[in-house]
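Take a look at the structure below.
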Amino acid sequence: MENAISVKNLNVVLHNHRVLADVSFDVEPGSIVAIVGPNGSGKTTLVKAMLGLIPYQGDIKIRGRAASPRRGSASRIGYVPQRLDFDRTMPMTVAELLDAHLMDRKRKNAIPAALAAVKAGDLMQKMIGVLSGGEFQRVLLALALLNEPEMLFLDEPAAGVDVEGSAEFYGLLRDLRGKNNMTIVMVSHDIDMVFRHATTVLCVNHALICQGTPQETLTPDTMRSLYGAEQTLYAHKEKRQEYEHEHEHA
């Protein structure tokens, strides 16, 4: 089976500073990959390199092809950046925002379908400026799904959303993966949600510190090596037992 993503010997130097050094990993199709690590460790840089948005050395393949921000490649990839340079005071509805980004004009039902996929159909005619943080994140996810991508890249997708909204958002990602076997790559600081929803974790601190399942990687030793001795470990033993108990009876 062809890997969804293959990264070999990736090095990134920005402004004479080595941000990533000799990073290599493979991602199987249908995975939910969480990239974790401290602030400034190169997580967003890794995502941008995989998307072909910044210069790098090494080899990156998305579905066997080099990633590129060109229109043809972009249609296969949905991307929700950490920050969107967008004036939310503009007099624009959700439907108008999505319509401006629709590539295939023949897909008449594309906008309602994308909003329905993230349970945001009732937001279609709302003005962007009145949306709550959680509603806006749903719209951004719908925007990423609009052109029927093969995979999603999300950088802190639930940032600024309350705990309940964050749990619901991650649940949506899990449902998307289940229904479409979609490969999802996300940067996240929410270790608890990563433990509950990711299938693969990449621990990054300018290099790849570890890779594996949440159970294999989110250990006290790994958390200390990434974040220091003061880091609270959310996915502690009791949390793992609670998670495993839930899924044994699901």
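The values are calculated or read from the model by the stated rules, or taken from the named source; none is laboratory data. The structure presented is a predicted model; accordingly, all values stated were derived computationally and were not measured. Heads up, the Cβs are rebuilt from the backbone with ideal geometry, glycines too, and the neighbour counts pull from every protein chain shown. Accessible surface areas use protein heavy atoms only, side chains included; no ligands, DNA or RNA. Shrake-Rupley method; radii C 1.70, N 1.55, O 1.52, S 1.80 Å.
Here are the numbers:
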item: Tally of residues being under 27 Å from LEU46 (Cα atoms), open to solvent by less than 80 Å² (accessible area, probe 1.4 Å) and either among the polar types (S, T, N, Q) or modelled with pLDDT of 85 or more (or both) across the stretch 82-97; result: 0
item: The stretch 14-35, subset open to solvent by 100 Å² or more (accessible area, probe 1.4 Å) and in contact (Cβ under 8 Å) with a residue 12 or more places away in the chain, residue farthest from ALA207 (Cα to Cα); result: GLU28
item: Some residue of the stretch 171-178 being among the hydrophobic types (A, V, I, L, M, F, W, C) and touching a Gly at 6+ places or on another chain (Cβ under 9 Å); result: no
item: Boolean, ILE62 is under 17 Å from the mean Cα position of the chain (by Cα) and touching a residue at least 12 places away in the same chain (Cβ under 8 Å); result: yes
item: Helices (runs of 4 or more DSSP H) fully within the stretch 151-226 counting 3 or more residues that are modelled with pLDDT under 85 and surrounded by fewer than 17 Cβ atoms within 10 Å (Cβ to Cβ); result: 163-180
